[in-house]
1. Could you list, in sequence order, the residues of the stretch 125-161 that are β-branched (Val, Ile, Thr) and under 30 Å from residue 8 (Cα atoms)?
2. Give the residue that is least open to solvent (accessible area, probe 1.4 Å), with candidates limited to residues of the stretch 59-84 that are more than 27 Å from the chain's Cα centre (by Cα) and of a type in the set (Ser, Thr, Tyr).
3. Take the stretch 123-139 and flag every residue that is in contact with a Ser or Thr (Cβ under 6 Å, 6 or more places away or on another chain) and either more than 16 Å from ligand 2 (Cβ to nearest atom) or open to solvent by 20 Å² or more (accessible area, probe 1.4 Å) (or both).
4. Looking only at residues that are within 6 Å of ligand 1 (Cβ to nearest atom) and not small (Gly, Ala, Ser) in the stretch 96-122, which one is surrounded by the fewest Cβ atoms within 10 Å (Cβ to Cβ)?
5. Look at residue 267 and say whether it is under 30 Å from residue 132 (Cα atoms) and away from ligand 2 (no atom under 16 Å from the Cβ).
6. Among the listed residues 93, 100, which satisfies the condition of being in contact with a strand residue (DSSP E or B) (Cβ under 8 Å, 6 or more places away or on another chain) and assigned to a loop (DSSP other than H, G, I, E, B)?
7. Report yes if residue 211 is of a type in the set (Asp, Glu), within 30 Å of residue 94 (Cβ to Cβ) and open to solvent by 60 Å² or more (accessible area, probe 1.4 Å), otherwise no.
8. Can you tell me which of (1) open to solvent by 50 Å² or more (accessible area, probe 1.4 Å); (2) more than 12 Å from ligand 1 (Cβ to nearest atom) is the one residue 159 doesn't meet?
Amino acid sequence: MSTLEKFRAISPAEFFYRNKEIAGFSNPARALYQSVRELLENALDATDAHGILPNIEVSIDRDTSKPVVYRITVKDNGIGIPEKYIPEAFGRVLFSSKYVLRQTRGLFGLGAKMIVLYGQITVGEPAEIVSATMGSRKVYSYRISIDVKENKPIILQRGVWPNTTGWHGTIVKIAVEGDWGRAKQKILDYVRRTAIVTPYANLVLRTPDEEIYTYPRVTDKLPPPPRETHPHPHGIDIEMLKIMAGETEEQTLLDFISNEFQGVGRVIAERFLRDYGFKLDKNPKELSKEELEAMAKALKEFGEFRKPRAEHLSPIGADLVKIGLNSILKPEFVDAITLKPVVYEGHAVIVEVGLAYGGAIEPSDEPQLLRFANKIPLLYDEKSDVSWKVVSENIDWSYYEIAFPAPIAILTHICGTKIPYKGVGKESVAEVPVIEHALEEGVRHVARSLKLYLTRKQREEEYMRKAITIIKYIPEVSSALTSFLSSNPEPVDPKAIEDGLFELVKKRYGEHIKELPHPRSIVLSVE
Ligand code: ADP
Ligand code: MG
């Protein structure tokens with residue numbers, strides 16, 4: 001038996017080829033779901049993050065000759081992909097335009113490539129990409145697969161057409177092995193939940209069952225697009241500082257610290273450098289290993305930097321959350337809140353919470369939880385998510401007079417340039433204390449307003465019951481009074497008596513109840 005081990009390195013493409021399940025491609029059902037999801041996320045990143053009202057069509061077609069093969073086509077009206085980047089965007093694992101500090105759905109530079117890889121392993125067809133950037137006179141098309149060993153695209157076909165209609169956007173078509181039967185519910189759920197937080201989008205989903213689900217745009221209001229930002233000094237580590245110092249064009253430490261970090265003005269930068277004994281005019285590229293280590297530590301501990309700012313983030317906003325919940329869940333009551341930003345490892349994070357109650361919502365034994373991170377619905381691993389902990393452990397619902405089963409849905413949204421996901425499949429968020437506290441504060445806020453609403457409604461119903469008991473008798477009383485007064489020389493109008501009595505009841509209960517039924521309308525309904 002040989003005791004000699006064979007050593008070799010593998011490429012990122014080979015790594016993910018061997019470990020597909022890490023990225024959510026563990027079986028045909030999950031892979032189909034993950035593929036639809038990654039393509040839809042790319043389409044949304046290419047639209048709403050750039051101020052474009054999204055029009056997105058997702059089609060899933062079953063191959064009639066091979067029933068386990070599905071062709072997924074996603075078409076968007078986004079910014080498109082510059083021609084020279086199309087092959088790598090779909091053919092080189094860990095190639096992305098999102099490796100900057102900006103709030104996006106995509107994060108790892110992995111999604112599109114995982115689908116291409118998975119498709120090529122299971123079906124063997126290349127991916128097709130058609131794209132035109134804004135203002136481009138041409139539309140480009142590519143057929144691509146991935147060279148796994150080298151981690152680079154193999155271009156099988158390239159086409160160019162004149163762009164006669166001024167179209168911009170991207171169409172991606174990839175064939176994968178899937179299991180529609182088992183993925184269906186999750187995919188429908190995913191698209192529906194996406195529609196809740198993008199009420200400004202037109203979403204269409206065509207399924208292999210020839211069903212069409214449409215979620216039409218219900219508002220033209222877009223959240224503010226996310227903007228790129230600099231890292232905050234408190235989120236810096238040695239490696240990051242080394243890269244930044246190596247890449248900067250600034251010639252002095254003073255310029256470097258004041259221009260390439262968030263929350264640092266010139267005065268503060270100067271004080272920081274003097275306090276820790278760094279020369280203001282030293283070239284950042286000349287920092288020694290020891291100096292880099294010392295500076296990274298100092299950046300983390302210096303207390304005078306401004307707090308990380310959140311204006312570059314793109315929360316959904318309480319109004320849009322309410323519009324989305326109303327349009328998709330059709331509840332009786334909704335409320336939402338966007339909380340003040342908190343700081344997680346030097347990154348600003350904004351938490352939003354929405355609540356929908358009653359109406360078309362089915363009662364359930366626990367609150368129905370709708371989790372989102374950077375506007376992506378999170379469907380799997382619910383029980384290991386921080387939002388689950390807050391909603392099911394930290395909150396005592398009986399305090400808000402909610403007894404289960406109850407028709408209640410809680411929406412949580414966490415957005416930021418860094419989300420503590422528990423894995424690259426982006427399915428659950430870790431229990432980071434600042435995020436947990438913000439979520440809890442948000443849930444308490446909306447739960448309080450629900451309690452207020454329910455108490456008011458209950459009181460109103462009570463008054464209504466009392467008022468109706470009295471109103472019921474008005475016609476009888478007024479006809480009795482009319483006959484009692486029939487000997488009176490002045491003729492009496494029974495309707496006037498009715499109206500008079502009704503006015504009395506309105507005076508007594510009217511301020512608690514929006515509209516009381518008129519006595520003549522109620523007799524019929526009481527009988
Ligand atoms: P990620 O989304 O994490 O960056 P992907 O592999 O999903 O990684 O996509 C790689 C890159 O391809 C994206 O960063 C983006 O620049 C580009 N891209 C993918 N899909 C689209 C699309 N529909 N419209 C515009 N650009 C896209
Ligand atoms: Mg992506």
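1. Our first condition is that a residue be β-branched (Val, Ile, Thr); within the stretch 125-161, this holds for 129-130, 133, 139, 144, 146, 148, 154-155, 160.
Matches in the stretch 125-161: 144, 146, 148, 154, 155.
2. Quick first cut of the stretch 59-84, residues more than 27 Å from the chain's Cα centre (by Cα) only: 62-69, 83-84.
Now narrow it down to the ones that are of a type in the set (Ser, Thr, Tyr): 64-65.
Details: 64: 143, 65: 89 Å².
Within the stretch 59-84, the match that is least open to solvent (accessible area, probe 1.4 Å) is 65.
3. Step one: filter the stretch 123-139 for residues in contact with a Ser or Thr (Cβ under 6 Å, 6 or more places away or on another chain), giving 126, 130-131.
Hits for the stretch 123-139 are 126, 130.
4. Step one: of the stretch 96-122, the residues within 6 Å of ligand 1 (Cβ to nearest atom) are 96-98, 106-113.
From the residues that got through so far, the ones that are not small (Gly, Ala, Ser) too are 98, 107-108, 110, 113.
On the way: 98: 15, 107: 21, 108: 17, 110: 23, 113: 29.
Among those that are within 6 Å of ligand 1 (Cβ to nearest atom) and not small (Gly, Ala, Ser), it is 98.
5. Numbers: under 30 Å from residue 132 (Cα atoms): no; away from ligand 2 (no atom under 16 Å from the Cβ): yes.
Taking the combined requirement at face value, the residue does not satisfy it.
6. Working: 100 fails: in contact with a strand residue (DSSP E or B) (Cβ under 8 Å, 6 or more places away or on another chain).
It is 93.
7. On the way: of a type in the set (Asp, Glu): yes; within 30 Å of residue 94 (Cβ to Cβ): no; open to solvent by 60 Å² or more (accessible area, probe 1.4 Å): yes.
Considered against the rule, which asks whether it is of a type in the set (Asp, Glu), within 30 Å of residue 94 (Cβ to Cβ) and open to solvent by 60 Å² or more (accessible area, probe 1.4 Å), residue 211 comes out as no.
8. Of the numbered conditions (1) open to solvent by 50 Å² or more (accessible area, probe 1.4 Å); (2) more than 12 Å from ligand 1 (Cβ to nearest atom), the odd one out for residue 159 is (1).
The values are calculated or read from the model by the stated rules, or taken from the named source; none is laboratory data. All figures in this text were calculated on a predicted structure; none of them were measured in a lab. Neighbour counts are summed over all protein chains in view; Cβ atoms, including those assigned to glycine, are modelled from backbone coordinates with ideal geometry. Remember, those area values only see protein heavy atoms, side chains included, never the ligands or the DNA or RNA. Shrake-Rupley method; radii C 1.70, N 1.55, O 1.52, S 1.80 Å.
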